[in-house]
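Working notes, structure below.
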Amino acid sequence: YEDDLQESEHNTESEKSADESQPNFPIQNEAEMPYIDDLAIPPAHAHDQDDGSYLAEFLLAKGYEVHGIIRRASTFNTVRIQHLYADPKSHRQGRMKLHYGDMTDSSCLVKIISTVKPSEIYNLAAQSHVKVSFDLSEYTAEVDAVGTLRLLDAIRTSGLDKQVKFYQASTSELYGKVQEVPQKETTPFYPRSPYACAKLYGYWIVVNYREAYNMFACNGILFNHESPRRGESFVTRKITRSVSKIALGQLECLELGNLDSKRDWGHAKDYVEAMWLMLQQSEPEDFVIATGETHSVREFVEAAFRHIGKEIVWEGAGESEVGKEKGTGVVRIKINPKYFRPTEVDLLLGDPSKAKEKFGWTPKVTFKELVKDMMDSDLELMKKNPAA
């Protein structure tokens, strides 16, 4: 559930570099990377921010040389991958190397892939915020849909279509107005947002290139996966950040949209392992990756408050509903219609049976453990920096 956009602005202190021609740092969102491994490339817009950093960590631990693509910008944001530098203080690169590029620029993709000659490419690049995709529909299509095509064509243009294994980050949002519960690989798609429609093109162009050119190309249909590194504008992270601020007396109330949307939430750390496992198979296939259980936004809110020893009592209905702190009566949750999607996705629940059967993948982190991990991290963050 990627519906709520944080309204606060975050100012990042800029640093100066004597030579900005070499990207010795991720300069925009370090999650914006396709990864070329072993070279593994996660590209330039690495999906959802946390995936790119966890995947880079995972691949480096396995001995890969990891190449990431980042977009040029004037501000720094290295928080999610800074620890992966050979020298984090100076941003000196070791086995993780970064290249300037963009999913809207075919020439740079061809140049990077033909130079690096990767054995695996993980396309995590996307404008991945569902609500924002209604406002940036054309850009979302350029990056998420046509960007995938550009990357596949860059592999072929570089003459590596028989050497490279390609992973495409698909999404449970493809199911949208769900046609069956739970959703599996054979469930019909019914996308309900510009983001999901763009990802639908990405899904089918991967299938087409696999069949037309015999490329090793897979779609990972990943259901929602969160972590302490999740972007601040996504609803789960918005909840854990705000509840942490409430616990520390820094905030009184938070505003949300549809409390009853249900999602299959897992931990990003588990899901990047599944990405890698897909590319280690003898034949390319598409897989649903999910926990097999669903929880509402309301349940996530309640679990976050329980972590700080508070219970929420709900009163009212619809846009007038509020969540009050039991014992004090203080209103902690309000509904703001601006966070509603024009077309809602009410329920997502995945069936990961195929992944378990084919390569033994099962999620390790439970819903309760996920909320605890995110809350512990944000409580520590807000203690150190209340303005975060």
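The values are calculated or read from the model by the stated rules, or taken from the named source; none is laboratory data. Computed from a predicted structure; not experimentally measured. Here the Cβ positions follow ideal geometry from the backbone for every residue, glycine too, while neighbour counts run over all protein chains shown. Just the protein is used for accessible areas: all its heavy atoms, side chains included, with ligands, DNA and RNA removed. Shrake-Rupley method; radii C 1.70, N 1.55, O 1.52, S 1.80 Å.
Keeping to region 169-199, report how many residues are in contact with a strand residue (DSSP E or B) (Cβ under 8 Å, 6 or more places away or on another chain) and open to solvent by 60 Å² or more (accessible area, probe 1.4 Å).
2
Consider residue 85 against the criteria (1) open to solvent by 50 Å² or more (accessible area, probe 1.4 Å); (2) at pLDDT below 95; (3) out of contact with any Asp or Glu (no Cβ under 9 Å at 6 or more places or on another chain): it satisfies all of them except one. Which criterion is unmet?
(1)
Does region 247-266 hold any residues that are open to solvent by 10 Å² or more (accessible area, probe 1.4 Å) and either under 15 Å from the mean Cα position of the chain (by Cα) or not polar (S, T, N, Q) (or both), and which are they?
Step one: of region 247-266, the residues open to solvent by 10 Å² or more (accessible area, probe 1.4 Å) are 247-253, 255, 258, 260, 262.
Those that are open to solvent by 10 Å² or more (accessible area, probe 1.4 Å) and either under 15 Å from the mean Cα position of the chain (by Cα) or not polar (S, T, N, Q) (or both): 247, 248, 249, 251, 252, 253, 255, 260, 262.
Examine region 276-285 for a residue that is open to solvent by less than 10 Å² (accessible area, probe 1.4 Å) and in a helix (DSSP H, G or I), and state whether such a residue exists. Walk me through how you get there before you give the answer.
Quick first cut of region 276-285, residues open to solvent by less than 10 Å² (accessible area, probe 1.4 Å) only: 278-279.
Checking the rest, the ones that are also in a helix (DSSP H, G or I) come to 278.
There is at least one residue in region 276-285 that is open to solvent by less than 10 Å² (accessible area, probe 1.4 Å) and in a helix (DSSP H, G or I).
Quick one: would you say residue 300 is in contact (Cβ under 8 Å) with a residue 60 or more places away in the chain, in a helix (DSSP H, G or I) and closer than 30 Å to residue 353 by Cβ?
Working: in contact (Cβ under 8 Å) with a residue 60 or more places away in the chain: yes; in a helix (DSSP H, G or I): yes; closer than 30 Å to residue 353 by Cβ: yes.
Taking the combined requirement at face value, the residue satisfies it.
Looking at region 106-126, can you tell me whether even one residue there is at pLDDT 95 or above, assigned to a loop (DSSP other than H, G, I, E, B), farther than 19 Å from residue 168 by Cα and out of contact with any Phe, Trp or Tyr (no Cβ under 6 Å at 6 or more places or on another chain)?
no
Residue 225 fails exactly one of the following numbered conditions: (1) in contact with a Phe, Trp or Tyr (Cβ under 8 Å, 6 or more places away or on another chain); (2) more than 17 Å from residue 303 (Cα to Cα). What is the number of that condition?
Failing condition for residue 225: (2).
Could you count how many residues in region 210-241 are open to solvent by less than 20 Å² (accessible area, probe 1.4 Å) and not in a strand (DSSP E or B)?
The first filter runs over region 210-241 and keeps only residues open to solvent by less than 20 Å² (accessible area, probe 1.4 Å), leaving 215, 217-227, 230-231, 234-241.
Okay, now just the ones that are also not in a strand (DSSP E or B), so 215, 223-224, 227, 230-231, 234-241.
Residues flagged as open to solvent by less than 20 Å² (accessible area, probe 1.4 Å) and not in a strand (DSSP E or B) within region 210-241 amount to 14.
Spot the failing condition for residue 163; the list is (1) surrounded by 24 or more Cβ atoms within 10 Å (Cβ to Cβ); (2) more than 16 Å from residue 69 (Cβ to Cβ), and only one is missed.
Answer for residue 163: the failing condition is (1).
Regarding region 243-262, can at least one residue be identified that is at pLDDT 95 or above and closer than 19 Å to residue 290 by Cβ?
Step one: filter region 243-262 for residues at pLDDT 95 or above, giving 243-262.
With closer than 19 Å to residue 290 by Cβ added as a condition, the list becomes 261-262.
There is at least one residue in region 243-262 that is at pLDDT 95 or above and closer than 19 Å to residue 290 by Cβ.
Taking interchain pairs and intrachain pairs at least six residues apart, which have beta carbon atoms under 6 angstrom, with the first residue in region 193-209 and on the phi < 0 side of the Ramachandran plot and the second open to solvent by 20 Å² or more (accessible area, probe 1.4 Å) and in a helix (DSSP H, G or I)?
From region 193-209, the pairs are 194/137; 198/141; 205/149.
Would you list the strands (runs of 3 or more DSSP E) that sit entirely within region 308-388 and hold 3 or more residues that are without any contact (Cβ under 8 Å) to a residue 40 or more places away in the chain and over 22 Å from residue 227 (Cβ atoms)?
It comes to 312-315, 322-325.
Please list, ordered by residue number, the helices (runs of 4 or more DSSP H) wholly in region 127-177 having 2 or more residues that are under 17 Å from residue 199 (Cβ atoms), touching an Asp or Glu at 6+ places or on another chain (Cβ under 9 Å) and modelled with pLDDT of 95 or more.
Numbers: elements: 130-133, 137-140, 147-157.
Of the helices (runs of 4 or more DSSP H) lying wholly inside region 127-177, those with at least 2 residues that are under 17 Å from residue 199 (Cβ atoms), touching an Asp or Glu at 6+ places or on another chain (Cβ under 9 Å) and modelled with pLDDT of 95 or more span 147-157.
Can you name the residue in region 348-376 that is surrounded by fewer than 14 Cβ atoms within 10 Å (Cβ to Cβ) and touching a strand residue (DSSP E or B) at 6+ places or on another chain (Cβ under 8 Å) and, of all such residues, is farthest from residue 181 (Cα to Cα)?
369
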